[in-house]
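First up is the structure itself, then whatever we jot down about it.
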4 protein chains.
Amino acid sequence: MRAHLPAKKSQGPAMPECLVFRVPTRHPADVSGLDALFASGALAPEEVVAVFGKTEGNGCVNDFTRPLAVMALEAALGARVALVMSGGTEGGLSPHLLVVARREGAGGPGTALAVGTAFTDDFLPEEIGRMAQVRATAAAVARAMAAAGLTDPADVHFVQVKCPLLTSARIQEAAARGQDVSTHDTYASMGLSRGASALGIGLALGEIPGEALDDSVIGTRPDLFSGRASASAGIELMRNEVIVLGNAPGWSGPLRIAHRVMRDGIDLPAIQGALAELGLPASGQLPPEAAERVVALLAKAEPTGDGLIRGRRHIMNDDSDINATRHARALVGGVAAAAIGRTDLFVSGGAEHQGPDGGGPVAVIARMNG
Amino acid sequence: MRAHLPAKKSQGPAMPECLVFRVPTRHPADVSGLDALFASGALAPEEVVAVFGKTEGNGCVNDFTRPLAVMALEAALGARVALVMSGGTEGGLSPHLLVVARREGAGGPGTALAVGTAFTDDFLPEEIGRMAQVRATAAAVARAMAAAGLTDPADVHFVQVKCPLLTSARIQEAAARGQDVSTHDTYASMGLSRGASALGIGLALGEIPGEALDDSVIGTRPDLFSGRASASAGIELMRNEVIVLGNAPGWSGPLRIAHRVMRDGIDLPAIQGALAELGLPASGQLPPEAAERVVALLAKAEPTGDGLIRGRRHIMNDDSDINATRHARALVGGVAAAAIGRTDLFVSGGAEHQGPDGGGPVAVIARMNG
Amino acid sequence: MRAHLPAKKSQGPAMPECLVFRVPTRHPADVSGLDALFASGALAPEEVVAVFGKTEGNGCVNDFTRPLAVMALEAALGARVALVMSGGTEGGLSPHLLVVARREGAGGPGTALAVGTAFTDDFLPEEIGRMAQVRATAAAVARAMAAAGLTDPADVHFVQVKCPLLTSARIQEAAARGQDVSTHDTYASMGLSRGASALGIGLALGEIPGEALDDSVIGTRPDLFSGRASASAGIELMRNEVIVLGNAPGWSGPLRIAHRVMRDGIDLPAIQGALAELGLPASGQLPPEAAERVVALLAKAEPTGDGLIRGRRHIMNDDSDINATRHARALVGGVAAAAIGRTDLFVSGGAEHQGPDGGGPVAVIARMNG
Amino acid sequence: MRAHLPAKKSQGPAMPECLVFRVPTRHPADVSGLDALFASGALAPEEVVAVFGKTEGNGCVNDFTRPLAVMALEAALGARVALVMSGGTEGGLSPHLLVVARREGAGGPGTALAVGTAFTDDFLPEEIGRMAQVRATAAAVARAMAAAGLTDPADVHFVQVKCPLLTSARIQEAAARGQDVSTHDTYASMGLSRGASALGIGLALGEIPGEALDDSVIGTRPDLFSGRASASAGIELMRNEVIVLGNAPGWSGPLRIAHRVMRDGIDLPAIQGALAELGLPASGQLPPEAAERVVALLAKAEPTGDGLIRGRRHIMNDDSDINATRHARALVGGVAAAAIGRTDLFVSGGAEHQGPDGGGPVAVIARMNG
């Protein structure tokens, strides 16, 4: 297990700044916007610590837009950077990258957006969706918080995990070693992997007591959740990659983060609450100048288990043509775009143990005025 | 061609009332909610003049949830009623029926929600998507307005048309008679049929001059549009069925209608403008008591032709797994649910010549206080 | 629980004949071909005992082509007839009805195609996919065999069951009564319901010993299977409907049935074995005159659990855009059309406990020469 | 425009051999099988002239499995090699690579499998699906034939072209230069590009007279076709890449190729005709030892325009959930697997001007017994 970035060096008097660039993509392998950032001098490749990407695949088992984007980004950035590719831009969502960088240097005292990353070791197929994944994730969150100088869990506003899934080949490989996996349904494995990762985050942040957790609660106890966890499953990796975002003392720059928990997929007031906390106008849609100050919106989406939203039936769970997570991303994407007035938003599907059933965390990163 | 309902009788001193009931459905053939309405005495079957239904199919060529709902509703109501089944409840939209009724009777003087219906004759396959459909639709709109007592086009706020589409069998039938159809792509035929219907509405309402219209503009000139037209194509009929809604003098009851034109799929302010016109609080999401006063929201959704929303790329037009109209309905459904706080909204796909490119009309029917 | 048709009367000197008519459909509600059969005098409505239909839906949870066809057929035939609508005509399969009739009357001694039907009671949601469904199915198979005069299980060549599935609403209904269902995944419930039904058939035919069966083997023990079972799940019913087909003494007419077990989805030799048993040329594709003698081909299709066909990877189980059963139907439909030279074949998906893993029964009904 | 490989050198006494290796893939970026071939010494990277790949995407506009495979193969092989990635392994088709190599060296006199490649220049968006593409393709076919030493068009058995498609971005780019493209429907552009490429092949092989061709026939005159053309469209390139396969004098080795034209999607006898020409048993399914001798089957699949196969309705053209080419590939894949007894077959969709309407060329490469 290796921690990301030499965090020790950054704990000194140098005041780090966390920068976030939003870069549109023309296709999953498009890194021309990233290259342009580097060419302009606005950002140096070695400053990049993480990239969040929305790619235009189905976000499900056979979504190869994620490995394609990863292959292109690794060619541009090396294997050093945490890459969180989230497939699925249903509805009006716009494919884009969020490039998160850490710059050492000057800045006034105070509190600002901070980032830290860490990786687990590769998991065995039979560890996915089980306590081994929960515990390894919690340990990685703690390392990432330390790297960001975040000592109080209350200052953490969003924890993103990229986690693996099971494929037929991986299930066979485990079976060949006499091991049974948590599920034989490859699509279901994505939910269990996300769920175990989210429980690990909740454990690390003190939202969920350790004694409440065992293999049997993963995927079955929606009342156990983190309000700041976001997990995306992908075929392109076998370990968990963790990115912690918060407001930390000792960081500089104009960016701040706030979060709320959406109680369901149409919880516009939750989004507007986060906007208000950042000093943005929170009635109706943001006017264009305010929308420009929003650097990123990160949200989770999932269908409710009971097939209802505020008592009215939705069809996500009964649709055999379009997976339920695809419907959920489209819905939350529409609600968030209604609030922000733009569509390049990081809405990711599958919110098992990430917020309440049918809801999920939403975080906003904005540029402060002044 | 037959006009719907003996409108002559209703022009006398009796003050008609237009009632709208929203009825959830458990599946496309579910008429148990409608039966319960009748059993309760709240509504008599012979008062029903139209039913709008959102069903849970794909809203495209092979959406058989529409004929299934029509079969069930005709068994319950007879063939007399205009039925507008619109397939597609993507995202969080909730399948439901809007039962529109006309009740003769007492009421104070003033202006209230009014409804009128009319049907064209059956079209030949080669007439679909061409001027024959435009002109027949315009004539039917005029008849429906007369039936509703709507003399000023400015008092018309929403015109719904249910129109046919081409199938391989219908194209073959025309070919056997030596006739070529407007398109050989069955999915594309839905757009041409909706477009021709919308141009007919715009012609009838004076929004589009007759001399601007010929076969070649149908589907190719997005600048020609009606701001109050809504057209849904379905496999289950060969004629156009027209329902006109407006606020007319001589009608009674607490319901009023307002509309706006959404300039794109995320135009929350347009929806909030219509809400404000009806006296509803229009900042943030409607509180539950105000949401209860909204009897219906009717909106159109479509992808932009240039693949952008406010300059940012969407993937609707390049997705070969999910049709573009399905993405568009999910998006507008999310935006509308953000405003209203409920998901049983009539968002219908394919807005050719219905509002500007990528946008569309939105109408709200609400119960006035007092 | 009611047995179908008064079988006692038919055991007398009158020699019944089982007739099978293949009727193409233009859409799921199309009964014009059936009406034409009746109008021609070739068949009387009261002679019909069962209809097998391939409809063009997705064959999964939200396939409403099945209830649409059922609604149309019940209007034409009454509720008396066993209706087995199987959704899914992927690849080149052609939507059609197989109308199975029983005609009392003259005929020489000997053995010919025989049919019997029976229904179970409606199941509770929590009984679906469990031993209650297994046992009720076995009892219904025994009643249907008796109705057909089939006393030796070896003379039974195909048993079709139409069985229910779970929806979100049905799961909620059970939960409201404090009952948990066999699965909360509505798509998975189709497999469990088919599996339980197939085990019931295998139990009735003596292919599977009763002591091998309990709730835990349903869906998990592919080595337990019937070689003559075919089960289709649909949203439109809550009971199992059973149709037994065999060659029975005391029946007359030119039709005979034969079956084989396909060991995988590309087992052309199995199909050719059944053809050869019926005296048809079994090398290459049937020439047109022989293809005309084939009145029906009935087959089951499913993906292998290990993701391989003869050691080569298929992608059915990892495809989140198209359900695995849809791929499997398309594959087996292609293999069967290669053999028969026509595409109006009854290939139905989901072969849990119906033949070996990835394979399934195939039966052919043909007209004997002479 | 650059011809592939220095063909001049190979015209000398050295007797070239065309080798074909079939390599299974575990995912679109999997080149481990190719690496193993190189590591084993069976093949040298510089001998590879072309790779045909079946990848597991949807084969339509947003199929990113093709560029992913290309990125992985270019990393392994360099940009020198013609890469034909064809998306879509519906039904039971198995993702795999066909690695085509040319080895200089010894060998007896006679005739054997030969290969030649050539590329066009990049096309402008407005050239796609028009005569510019037809003519450039014909010129490239001639160059590729020369490179293979194929002087008689009758010795050419299969010509594969990989060709580009239009995306929203490409259409916009052309519009910005004042140029209109052949179609604004991105999915339709794949068909026009394949069609223009196939007509270019037919022109080069003398199957279609040049005077029959102009822009208007592309995609509209199914009677104009090549019986040996195969074209696949992909988002990952803007030029046409041409690979010619035939039996040429002066080549050595045990491989031979034969082809037939399938008259429709279920034309098993056409496949069996090609097998028979290669000395393989052509009744029923190939036994395992004969199936091993089949090194590759290459076929094209498409739906019939009239919605019928031998007079029976298919639903490919009316299915808005699954694209018609996906159904067609699944069907032809099933028919071909019935013949060969294996599923790693190169069945590619969209056969515009490639064989008759609804049919297409099929070629088999087999190892001769010796």
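The values are calculated or read from the model by the stated rules, or taken from the named source; none is laboratory data. This one's a predicted model, so the numbers in the text were calculated from it and none came from an experiment. Every residue, glycine among them, receives a Cβ derived from its backbone with ideal geometry; neighbour counts consider all protein chains shown.
Across the stretch D:18-40, the number of residues qualifying as under 25 Å from D:Arg256 (Cβ atoms) and surrounded by fewer than 16 Cβ atoms within 10 Å (Cβ to Cβ) comes to 2.
The set of residues in the stretch C:88-142 that are within 30 Å of D:Pro303 (Cα to Cα) and of a type outside the set (A, V, I, L, M, F, W, C) comprises C:Gly88, C:Thr89, C:Glu90, C:Gly91, C:Gly92, C:Ser94, C:Pro95, C:His96. There is no residue in the stretch D:139-154 that is closer than 18 Å to D:Glu236 by Cα, surrounded by 22 or more Cβ atoms within 10 Å (Cβ to Cβ) and either at pLDDT 95 or above or within 14 Å of chain B (Cβ to nearest Cβ) (or both). Only a single item in (1) free of Cβ contacts under 8 Å to residues at least 24 places away in the same chain; (2) surrounded by 24 or more Cβ atoms within 10 Å (Cβ to Cβ) is not met by B:Val335, and it is number (1). With respect to the conditions (1) within 13 Å of chain C (Cβ to nearest Cβ); (2) under 27 Å from D:Thr137 (Cβ atoms); (3) modelled with pLDDT of 95 or more, D:Asp344 falls short on a single one, namely (2).
Out of A:Arg256, A:Arg260, one residue alone is buried (at least 23 other Cβ atoms within 10 Å of the Cβ), under 13 Å from A:His157 (Cα atoms) and charged (D, E, K, R). It is A:Arg260. Condition check for C:Pro249 on (1) farther than 25 Å from C:Met145 by Cα; (2) not assigned by TED's automatic domain parsing to the domain that holds C:Met316: one failure, at (1).
Scanning the stretch B:215-271 for residues that are part of a helix (DSSP H, G or I) and either closer than 11 Å to B:Gly360 by Cα or among the aliphatic types (A, V, I, L, M) (or both) yields a count of 4. Residues that are surrounded by fewer than 18 Cβ atoms within 10 Å (Cβ to Cβ) and more than 14 Å from chain B (Cβ to nearest Cβ): does the stretch D:80-99 have at least one? Yes, the stretch D:80-99 has at least one match. Residues in the stretch D:283-313 that are within 8 Å of another protein chain (Cβ to nearest Cβ), outside any loop (DSSP other than H, G, I, E, B) and either touching a residue at least 40 places away in the same chain (Cβ under 8 Å) or surrounded by fewer than 21 Cβ atoms within 10 Å (Cβ to Cβ) (or both): 2 in all. Just to be sure, is D:His353 of a type outside the set (Lys, Arg), surrounded by 24 or more Cβ atoms within 10 Å (Cβ to Cβ) and more than 22 Å from the chain's Cα centre (by Cα)? Judged against the criteria, D:His353 is not a match. Against the definition (within 11 Å of another protein chain (Cβ to nearest Cβ) and modelled with pLDDT under 95), how does D:Asn369 come out, yes or no? So D:Asn369 fails the test. Applying a threshold of 8 Å to beta carbon distances and a minimum spacing of six or more residues, or different chains, the list of pairs starting in the stretch A:170-194 at a residue that is within 11 Å of another protein chain (Cβ to nearest Cβ) and ending at one that is in a helix (DSSP H, G or I) and among the hydrophobic types (A, V, I, L, M, F, W, C) reads A:Thr183/A:Leu192; A:His184/A:Ile171; A:Asp185/C:Ala188; A:Thr186/A:Ile171.
May I ask you to list the residues in the stretch D:155-195 that are part of a loop (DSSP other than H, G, I, E, B) and surrounded by 20 or more Cβ atoms within 10 Å (Cβ to Cβ)?
Scanning the stretch D:155-195 gives D:Pro164, D:Leu165, D:Leu166, D:Thr167, D:Val181, D:Ser182.
Among the candidates B:Ala188, B:Ala233, B:Ala198, the residue that is at negative phi, over 14 Å from the mean Cα position of the chain (by Cα) and of a type in the set (A, V, I, L, M) is uniquely B:Ala188. Can you find even one residue in the stretch A:222-231 that is crowded, with 21+ Cβ neighbours inside 10 Å and over 13 Å from A:His353 (Cα atoms)? The answer is no; no qualifying residue exists.
I'd like to verify a number: residues in the stretch D:314-341 that are assigned to a loop (DSSP other than H, G, I, E, B) and more than 7 Å from chain C (Cβ to nearest Cβ), how many?
Here the count works out to 3.
Looking at D:Phe52, D:Phe38, can you tell me which residue is farther than 18 Å from A:Phe64 by Cβ and in contact with a helix residue (DSSP H, G or I) (Cβ under 7 Å, 6 or more places away or on another chain)?
So the residue among D:Phe52, D:Phe38 that is farther than 18 Å from A:Phe64 by Cβ and in contact with a helix residue (DSSP H, G or I) (Cβ under 7 Å, 6 or more places away or on another chain) is D:Phe38.
Would you check if there is a residue in the stretch B:43-58 being touching a residue at least 24 places away in the same chain (Cβ under 8 Å), surrounded by 21 or more Cβ atoms within 10 Å (Cβ to Cβ), more than 14 Å from chain D (Cβ to nearest Cβ) and assigned to a loop (DSSP other than H, G, I, E, B)? Within the stretch B:43-58, not a single residue is touching a residue at least 24 places away in the same chain (Cβ under 8 Å), surrounded by 21 or more Cβ atoms within 10 Å (Cβ to Cβ), more than 14 Å from chain D (Cβ to nearest Cβ) and assigned to a loop (DSSP other than H, G, I, E, B).
Residues that are among the charged types (D, E, K, R) and more than 20 Å from the chain's Cα centre (by Cα) within the stretch A:263-290 comprise A:Glu277, A:Glu289, listed in sequence order. Against the conditions (1) buried (at least 18 other Cβ atoms within 10 Å of the Cβ); (2) out of contact with any Leu (no Cβ under 9 Å at 6 or more places or on another chain); (3) modelled with pLDDT of 95 or more, A:Leu124 satisfies every one except (1).
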